[in-house]
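The values are calculated or read from the model by the stated rules, or taken from the named source; none is laboratory data. Small disclaimer: the values here were computed from a predicted structure and weren't measured. All Cβ positions, glycine included, derive from the backbone under ideal geometry; neighbour counts span all protein chains shown.
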Amino acid sequence: MDAIEVRGFSFSYPGSEAPAVQDASLTVQTGEYVVLCGKSGSGKTTLLRSIKKEIAPVGRRTGTILINGKDVLPVEESARTIGFVMQDPDNQIVTDTVWHELAFGLENLGIGTETIRRRVAETAHFFGIQSWFEKSVFELSGGQKQILNLAAAIAMQTDVVILDEPTAQLDPIAAKEFLQMLHRVNDELGKTVLLSEHRLDDVLPACDTVVYMDTGRIYFAGAPGEFVGFLGGNENESIKEYSISLPVPARIAARLGEVRDIPLTVKEGRNWLKDFSSVAKLCRSDGEPWEREDVLLQAKDIWYRYNKQDDFALQGLNLEIGRNEIHCIVGGNGSGKSTFLGVAAGVFKPARGKVQFADTLKTGMLSQNPKTLFVCDSLREDLREHEKGIAEESIQEIIHLFGLGGLLARHPYDLSGGEMQKAALAKLLLLDPDLLLLDEPVKGLDAFAKSELGAVLKQLQKRGKTIVIVTHDLEFAAQYANRVSMMFLGNVIAEDSAKEFFISNSFYTTGASRMTRGIMEECSTVGEVCLCKTR
């Protein structure tokens, strides 16, 4: 019996003319690992939430969704059958301690105490969380919270686990650990997994089936290798351009002319590159090296803690930001990246040390939650909130720069993730800041939205803006940054040009660096790899 069967399903939100999901049909077999992908706003989240009816969106729906052959599951049976892991770890945790969170769902089902103890214990062992079993959930990192959410679903002995972009809030290492654990859940426990994810590098090699959505429709469902060919040979430009989301080894091989044996993992990519380099000369395409102008911002011996009883979040931090550069700051969750932005913006006052600026300048900061910038009922009103001091010409220029013309009538909260980030940045720029401080601006965005945002940032740099970006997205940093710093335990422990930074690291590096290391002169991005046609 199929675990999930979607037959001709369509869904429209109230007041929306275009359906969010259109005539979708999909079969997920018991024990299968299925990855659902597509651009932001393509209908993935709507479809996933519609499968679990307790959290299904409100609107008009047609068609049928069957779970284990049943159209309607009682609430208790649904809880035992389908587990759901959301994008934001904090939105799902409901209790105060780890052990209580694991037991919470079982208690609600009225399961006996001894059975609960046994299930909680074996679940904790399987997920390796014994060392933080009695901790407060507020002490956990983002990665630990997401593993806890997954473990709580598995403790219910659910047959199916649905996950909606569960790594969007996690740093690269935590994301890999989570996805590796999810693979174990599928491989060792035989659970059916339906996962929506933008990090295709980590999930395509592990999954059985890829499902691709665009504009609410399912255009492809098949094996990962077939999906690469589907994108590359598609005549629909909107679909073809999604190729930039493919794993780095696949993009490099395609760039170098491969059309059949496309590698998906770094291991496969290195083996492919060794064979390829035996018949072709490989070289590196160097861009012009970045030369730092005068220092715009200098942080000297910064110490900061949120409360007197807390440990210091920043511990003697020193960092220089050059004028007119794009500077990315990377590091694990809790390393102090966002705290530094708050200090640089003047939101937090350091206990010791100071931040010096080269001259008087205006600073604009975009937090991790862009919704905090919006206060009006339409994007048009929000962009004109400060219009008394802003010329109409400037407003129109910003609208054109960010491509927001078709979104002006919509409520800002109704925008997709990528649209909302661009709209928030546009509103911030209307105040004409000299220094932009951006906290996780590409969090949760698909590759196409990241590319659009990166192009806008480069345009702003050409206009004389200095941009500091906190990000977990190492590929984005390698592509767009001039310099990169890494934070650890409240301090900057490494800083270099973007290229040298990534080729010098083993873990905080890019797929291109891992694939080319030791085989050719190392590259940090796909774009640096080229083929000299001498055979």
Inspect all residues belonging to the range 61-76 and state whether any of them is modelled with pLDDT under 95 and under 24 Å from Glu188 (Cβ atoms).
yes
Tell me the residue from Thr372, Thr360 that is among the polar types (S, T, N, Q) and closer than 29 Å to Glu293 by Cβ, please.
Thr360
So Asp90 ticks every box in (1) buried (at least 16 other Cβ atoms within 10 Å of the Cβ); (2) assigned to a helix (DSSP H, G or I); (3) within 32 Å of the chain's Cα centre (by Cα) but one. Which box is left unticked?
(1)
Just for the range 6-56: of the residues that are at pLDDT below 95 and charged (D, E, K, R), which one is surrounded by the fewest Cβ atoms within 10 Å (Cβ to Cβ)?
Glu17
Can you find a residue that is at pLDDT 85 or above, part of a strand (DSSP E or B) and in contact with a Lys or Arg (Cβ under 9 Å, 6 or more places away or on another chain) anywhere in the range 283-296?
yes
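Take Asp214 and decide whether it is over 17 Å from Val526 (Cα atoms) and either in contact with a Lys or Arg (Cβ under 7 Å, 6 or more places away or on another chain) or touching a residue at least 24 places away in the same chain (Cβ under 8 Å) (or both).
Working: over 17 Å from Val526 (Cα atoms): yes; either in contact with a Lys or Arg (Cβ under 7 Å, 6 or more places away or on another chain) or touching a residue at least 24 places away in the same chain (Cβ under 8 Å) (or both): yes.
Answer is yes for this residue.
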Give all pairs with beta carbons closer than 7 Å in which a residue from the range 56-79 that is β-branched (Val, Ile, Thr) meets a residue that is in a helix (DSSP H, G or I); count only pairs at least 6 apart in sequence or on separate chains.
Ile65/Ser50; Ile65/Ile51; Ile67/Thr81; Val75/Glu54
The one condition in (1) of a type in the set (Lys, Arg); (2) crowded, with 18+ Cβ neighbours inside 10 Å; (3) in contact with a strand residue (DSSP E or B) (Cβ under 8 Å, 6 or more places away or on another chain) that Arg217 fails to fulfil
(2)
Can you find a residue that is aromatic (Phe, Trp, Tyr), surrounded by fewer than 24 Cβ atoms within 10 Å (Cβ to Cβ), on the phi < 0 side of the Ramachandran plot and modelled with pLDDT of 90 or more anywhere in the range 489-507?
no
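Part of a strand (DSSP E or B), modelled with pLDDT of 90 or more and of a type outside the set (Lys, Arg): does that describe Thr95?
Judged against the criteria, Thr95 is not a match.
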Could you give every pair whose Cβ atoms fall below 7 Å, whose first residue belongs to the range 33-52 and is of a type in the set (Lys, Arg), and whose second residue is in a loop (DSSP other than H, G, I, E, B) and modelled with pLDDT under 95, counting only separations of at least 6 or pairs across chains?
Lys39/Asp446; Lys44/Gly38; Arg49/Ala56; Arg49/Pro57
